[in-house]
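Trainee: Submitted below is the structure of interest, expressed as structure tokens.
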Amino acid sequence: MNKYFLAVLPPDQISPEIVFFQKEIESAFGAIHAQKTPPHITIIPPFECEPEKLTELISVFALFLKEKPIADVTIELNNFQRFESRTLFVDVAKNDRFEKLCKELKLLFSKQKIIKQRIEKHYFIPHITIANKDIKKRDFKVAWEVFKERGYQRSFKLKYLVLLELVVGKWEVKAAIIV
């Protein structure tokens, strides 16, 4: 079975800025794990699905999104934040409409019998990772000191979701589902 996850990608003018932050972390601390995926906000974490059932799953998501009036959802990126001493990220401002959409997508996803999924253990906190897993604790503290006072604000309209697939250790866009 192949691995996939559902996410929001920032637009082309914002993604290079996020990659710049990731490269800054790589240059200073050697941490590269966050670069194995394009900059994204995870909606449905990695799950397994038979490739032949993937078209059905994409159709279910597309139909769901067609019925939702979400084209005017704006996602605001607001500075940097962290999860303990493990993950450094661009924070996504609280947005009830976006969080409601994500909750409904997770509910829809959990009802599907076409995939093998894991149970999510964590509360949903939308974010775009710039460093995680391979950054050492001592380096994380230094990186946090650099980023915690740095300002960063951007916003964009939600236009599509993407399904990413794990291909030879890297996540690649498999399909875009237009909102």
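Trainee: Could you grab me the full set of residues in the stretch 167-179 that are of a type outside the set (Phe, Trp, Tyr), in a strand (DSSP E or B) and in contact with a helix residue (DSSP H, G or I) (Cβ under 9 Å, 6 or more places away or on another chain)?
Mentor: First, the residues of the stretch 167-179 that are of a type outside the set (Phe, Trp, Tyr): 167-170, 172-179.
Those left that are additionally in a strand (DSSP E or B): 167, 170, 172-178.
Lys170, Lys174, Ala175, Ile177, Ile178, listed by residue number.
Trainee: Is there a residue being in a helix (DSSP H, G or I), at pLDDT 90 or above and touching a strand residue (DSSP E or B) at 6+ places or on another chain (Cβ under 8 Å) anywhere in the stretch 70-85?
Mentor: no
Trainee: Would you point out which residue out of Phe29, Phe21 is of a type in the set (Phe, Trp, Tyr), buried (at least 19 other Cβ atoms within 10 Å of the Cβ) and within 21 Å of Leu88 (Cα to Cα)?
Mentor: Unique residue meeting the criteria: Phe21.
Trainee: Continuing with the same structure: I'm trying to understand the selection: among the residues of the stretch 127-155, which are under 22 Å from Leu65 (Cα atoms) and either at pLDDT below 95 or surrounded by fewer than 17 Cβ atoms within 10 Å (Cβ to Cβ) (or both)?
Mentor: Ser155
Trainee: Keeping to the stretch 56-108, report how many residues are farther than 30 Å from Gly151 by Cβ, of a type outside the set (Lys, Arg) and free of Cβ contacts under 8 Å to residues at least 40 places away in the same chain. Walk me through it before giving the result.
Mentor: The first filter runs over the stretch 56-108 and keeps only residues farther than 30 Å from Gly151 by Cβ, leaving 56-69, 104-108.
Cutting the leftovers down to of a type outside the set (Lys, Arg) gives us 56-65, 67, 69, 104-105, 107-108.
Still in the running and free of Cβ contacts under 8 Å to residues at least 40 places away in the same chain: 59, 63, 67, 69, 107.
Counting residues in the stretch 56-108 that are farther than 30 Å from Gly151 by Cβ, of a type outside the set (Lys, Arg) and free of Cβ contacts under 8 Å to residues at least 40 places away in the same chain gives 5.
Trainee: Just to verify a result, which residue in the stretch 95-112, among those that are within 15 Å of the chain's Cα centre (by Cα) and basic (Lys, Arg), is surrounded by the fewest Cβ atoms within 10 Å (Cβ to Cβ)? Don't jump to the end; show me each part of the working.
Mentor: As a first pass, look at the stretch 95-112 and keep what is within 15 Å of the chain's Cα centre (by Cα): 98-99, 101-103, 105-106.
Then keep just the ones that are basic (Lys, Arg); that gives 103, 106.
Details: Lys103: 12, Lys106: 17.
Per the stated criteria, the residue is Lys103.
The values are calculated or read from the model by the stated rules, or taken from the named source; none is laboratory data. Every value quoted in this text rests on a predicted model; they were computed, and no experiment measured them. Neighbour counts are summed over all protein chains in view; Cβ atoms, including those assigned to glycine, are modelled from backbone coordinates with ideal geometry.
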